[in-house]
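The values are calculated or read from the model by the stated rules, or taken from the named source; none is laboratory data. In this text, all values refer to a predicted model and were calculated from it rather than measured experimentally. In this analysis, Cβ positions are derived from the backbone assuming ideal geometry, glycine residues included, and neighbour counts consider all displayed protein chains.
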Amino acid sequence: MTAAAASDLGKPDPAALSAAIAGLPDKDTRGALVRVTGDSGSWSGTSGESDARTHAPVRPDGFFRIGSTTKVYTAVMVLQLAQEHRIDLEQPVQRYLPGLLPAGYPPVPVRTLLDHTSGLPSVDIPGLYEPEWILAHRYEHWSPRQVVDTALRHPIDFRPGTAQKYTNTAYVTAGMLVEKVTGQSYARNLRDRITVPLGLWRTYYPEDDPRLPNPAARGYLDVDGKLVDVTEMNQSIPGAAGAIISTAEDLGKFITGLFQGRLLGPAVMPRLFAVPRVPMSDGSGPASYSQGLMKLSLNGITVWGKTGSRYGYASGIFATQNLSRVVAYSVNPTVKSPDGQPLIVQKIADAASRSLSKS
């Protein structure tokens, strides 16, 4: 899509957006919030309950777990270190984290961690997606090394750079790389490099704190037909791949500041919008992830962003490259797996795509 076409987007469609999140809570989702901003106007709406016990409504300023959208923040940190000449993206991970990868692994360029072409196997914690395991281990701390080691006991999936396979392992490793090179914690890097420069005062890395601050919709898991509150959960397993807490407004501010060039310089900025020309490793189609972002077409309009899920929470942020439209959302599904986004997200995407269309 040309820049002229992108700047000629129609106004958000309030009726379509309201309809997309209407009727909550239902059997799959407790609540939702959506925030749309851009050159042609803005819209914000909520639906459903934030608490199954008190039936309090969802608040538009509520905190939530952003899940794998955390990966965008991690990618930005690595790209910042590259522009500071503290990391060479073409050098292997083994140079910066000696002894982490098995001796039999080939060199894994740092850039392949960011665009999911590293070939590193997936995190393999038995029972991780089972309700019984989740409830029994929700307060446990896992170090990044422990998490990565569950994957690295397996052979590499493919030669780095030849295919794309989405994996948390690469981004937990990238978080370790950030901490090793800077000598500072991931939380400190997030504050110093992203949240303070952009004024994201409601975005943070929780470390071992399992709680969400108020206001926040509570998260629930459907276990044999009964809703179990899973709001409190240690996020050390996803870590740099999925632990950040934020709000819809802050997500919008983040992607806006990022696309405006306030976090990355011209030497590395193009990497956000460059998808490698390789296939998905499962043969499902061509690659769709850049170094940090996902490329998606909504009603013929190209947007960039990321989705994320944790137990009880599913969210996402997408924008046109010129920021003529920015869409942030959070919903509260009761599905068991943190990897799948609920049906309501498809409805939000459809409504957003229609609101993105020319009037």
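The one condition from (1) at pLDDT below 95; (2) of a type in the set (A, V, I, L, M); (3) under 15 Å from the mean Cα position of the chain (by Cα) that LEU251 does not meet is (1). Might you check whether a residue that is among the aliphatic types (A, V, I, L, M), under 29 Å from PRO210 (Cβ atoms), at pLDDT 95 or above and surrounded by 13 or more Cβ atoms within 10 Å (Cβ to Cβ) occurs anywhere in segment 104-118? For segment 104-118, residues among the aliphatic types (A, V, I, L, M), under 29 Å from PRO210 (Cβ atoms), at pLDDT 95 or above and surrounded by 13 or more Cβ atoms within 10 Å (Cβ to Cβ): present. Residues in segment 161-182 that are assigned to a loop (DSSP other than H, G, I, E, B) and either more than 15 Å from LEU120 (Cβ to Cβ) or not aromatic (Phe, Trp, Tyr) (or both): 5 in all.
All told, ILE237 falls short of being at pLDDT below 95, closer than 29 Å to ASP28 by Cα and of a type in the set (Val, Ile, Thr).
Can you confirm whether segment 252-260 contains a residue that is over 30 Å from PRO25 (Cα atoms), of a type in the set (Lys, Arg) and in contact (Cβ under 8 Å) with a residue 40 or more places away in the chain? No, segment 252-260 has no match at all.
Of ASP115, ASP149, all but one fail to be in contact with a Ser or Thr (Cβ under 7 Å, 6 or more places away or on another chain) and among the acidic types (Asp, Glu); the exception is ASP115. The helices (runs of 4 or more DSSP H) found wholly in segment 59-118 and carrying at least 2 residues that are over 24 Å from ALA187 (Cβ atoms) and without any contact (Cβ under 8 Å) to a residue 60 or more places away in the chain occupy 93-96. Return the total of residues in segment 274-323 being surrounded by fewer than 19 Cβ atoms within 10 Å (Cβ to Cβ), assigned to a loop (DSSP other than H, G, I, E, B), touching a residue at least 60 places away in the same chain (Cβ under 8 Å) and hydroxyl-bearing (Ser, Thr, Tyr). Residues that pass the stated criteria total 2.
So, in segment 124-172, exactly how many residues are within 22 Å of the chain's Cα centre (by Cα), farther than 19 Å from LEU221 by Cα and of a type in the set (Lys, Arg)? The number of residues fulfilling the criteria is 2. Can you pull out every residue in segment 228-273 that is surrounded by fewer than 17 Cβ atoms within 10 Å (Cβ to Cβ), touching a Phe, Trp or Tyr at 6+ places or on another chain (Cβ under 9 Å) and not in a helix (DSSP H, G or I)? VAL228, ASP229, GLU232 - these are the residues of segment 228-273 that are surrounded by fewer than 17 Cβ atoms within 10 Å (Cβ to Cβ), touching a Phe, Trp or Tyr at 6+ places or on another chain (Cβ under 9 Å) and not in a helix (DSSP H, G or I). Can you pull out the residues in segment 183-227 that are in a helix (DSSP H, G or I), surrounded by fewer than 19 Cβ atoms within 10 Å (Cβ to Cβ) and not hydrophobic (A, V, I, L, M, F, W, C)? ARG188, ARG191, ASP192, PRO197 - these are the residues of segment 183-227 that are in a helix (DSSP H, G or I), surrounded by fewer than 19 Cβ atoms within 10 Å (Cβ to Cβ) and not hydrophobic (A, V, I, L, M, F, W, C). In this structure, does PRO238 turn out to be farther than 21 Å from SER50 by Cα and either out of contact with any Leu (no Cβ under 6 Å at 6 or more places or on another chain) or among the hydrophobic types (A, V, I, L, M, F, W, C) (or both)? Taking the combined requirement at face value, the residue satisfies it.
Against the numbered list (1) within 25 Å of VAL335 (Cβ to Cβ); (2) in contact (Cβ under 8 Å) with a residue 12 or more places away in the chain; (3) among the basic types (Lys, Arg), LYS226 comes up short only at (2). Those residues that are of a type in the set (Gly, Ala, Ser), outside any strand (DSSP E or B) and in contact with a helix residue (DSSP H, G or I) (Cβ under 7 Å, 6 or more places away or on another chain), I need them from segment 20-57; list them, please. Hit for segment 20-57 is ALA20, nothing else. Report, by residue number, each residue of segment 120-160 that is of a type in the set (A, V, I, L, M), surrounded by 17 or more Cβ atoms within 10 Å (Cβ to Cβ) and part of a helix (DSSP H, G or I). Residues satisfying the conditions are ILE134, VAL147, VAL148, ALA151, LEU152. Each residue in segment 13-46 was checked for being touching a strand residue (DSSP E or B) at 6+ places or on another chain (Cβ under 8 Å), closer than 23 Å to VAL326 by Cα, among the small types (Gly, Ala, Ser) and surrounded by fewer than 22 Cβ atoms within 10 Å (Cβ to Cβ), and 6 pass.
Take HIS85 and decide whether it is surrounded by fewer than 16 Cβ atoms within 10 Å (Cβ to Cβ), under 23 Å from VAL335 (Cβ atoms) and more than 25 Å from the chain's Cα centre (by Cα). No: the conditions fail for HIS85.
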